[in-house]
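Worksheet for the structure shown next.
The values are calculated or read from the model by the stated rules, or taken from the named source; none is laboratory data. Just so it is clear, the structure is predicted and the values come from calculations on it, not from any experiment. Here the Cβ positions follow ideal geometry from the backbone for every residue, glycine too, while neighbour counts run over all protein chains shown.
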Amino acid sequence: MRQCFVVALVVVLCMTGSSTAFDGQRKGFVLGGGLGFSPEATYSVGLDLGPFGTLTVDENGSGFGLNLVIGGAFNEQNMLVYEGNVAGWKSDILNDNISQGFNGAAWYHYFGPLGKSAFTVAGIGAYVFQAENYEDNDPGLGILLGGGYEFSKHWQIGGYYSFGKTSDSGVDFDHHHLNILVSGIAF
């Protein structure tokens, strides 16, 4: 799985190699990140107890949100990036710090001129789940959807909804989170 991400990143960087980086135009290499709030992050798992039925564990929380983007823009309206978009919070059930989120390819589309534009984002990749004092879950399919507004050149505010699955020892977990982030993107 990681090899696919590395290959995709190299392809995106090669496509942007002939353009000038950080020239103020959203064409070529882009790098950025954002911080904000995650009003909801949820995981749920159903444990089969055989003749005793199924025990469902479902927990949600709120905490910090962040993202990191690196990739390239084909023109002033379209960027293809690798994005990590995660939420972190304190679990009451596990009494532990949890992080979960999306990692994968994301396409940003801007509808207007630089610094005054609504945007959408859609991505497909892996969903990850990690508790500080427990073994990490195996990643599964993850989807990212969102949108927002670029209020100044290089600065935007957005809402991002991500969902996916992870697994641990044959037990499947369902996840989702919502992030509201202020991001800076250098181009």
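Does residue 57 satisfy being part of a strand (DSSP E or B), touching a residue at least 60 places away in the same chain (Cβ under 8 Å) and not small (Gly, Ala, Ser)? Spelling it out, it is not the case that residue 57 is part of a strand (DSSP E or B), touching a residue at least 60 places away in the same chain (Cβ under 8 Å) and not small (Gly, Ala, Ser).
For residue 136, the test of being outside any strand (DSSP E or B) and farther than 19 Å from residue 37 by Cα is passed. Name the one entry in 184, 170, 159 that is touching a Phe, Trp or Tyr at 6+ places or on another chain (Cβ under 9 Å) and either crowded, with 20+ Cβ neighbours inside 10 Å or of a type outside the set (Val, Ile, Thr) (or both). Sole residue among the options that is touching a Phe, Trp or Tyr at 6+ places or on another chain (Cβ under 9 Å) and either crowded, with 20+ Cβ neighbours inside 10 Å or of a type outside the set (Val, Ile, Thr) (or both): 184.
As a summary of the residue check, residue 65 satisfies the conditions (1) more than 25 Å from residue 174 (Cβ to Cβ); (2) crowded, with 17+ Cβ neighbours inside 10 Å; (3) of a type outside the set (Lys, Arg) except for the one numbered (1). Only one of these is of a type in the set (Gly, Ala, Ser) and modelled with pLDDT under 95: 169, 162. Name it. Of the residues listed, the single one that is of a type in the set (Gly, Ala, Ser) and modelled with pLDDT under 95 is 169. Only a single item in (1) at pLDDT 95 or above; (2) within 16 Å of the chain's Cα centre (by Cα); (3) more than 23 Å from residue 167 (Cα to Cα) is not met by residue 78, and it is number (2). Once region 94-152 is narrowed to residues that are of a type in the set (Val, Ile, Thr) and crowded, with 16+ Cβ neighbours inside 10 Å, the residue that is farthest from residue 80 (Cα to Cα) is 98.
If you scan region 1-54, which residues turn out to be part of a loop (DSSP other than H, G, I, E, B), modelled with pLDDT under 55 and either within 27 Å of residue 178 (Cα to Cα) or in contact with a Pro (Cβ under 9 Å, 6 or more places away or on another chain) (or both)? Selection gives 1 alone.
Checked against (1) modelled with pLDDT under 95; (2) assigned to a strand (DSSP E or B), residue 114 meets all criteria but (2). Among all positions in region 74-87, there is at least one residue which is crowded, with 20+ Cβ neighbours inside 10 Å, over 21 Å from residue 172 (Cβ atoms) and charged (D, E, K, R).
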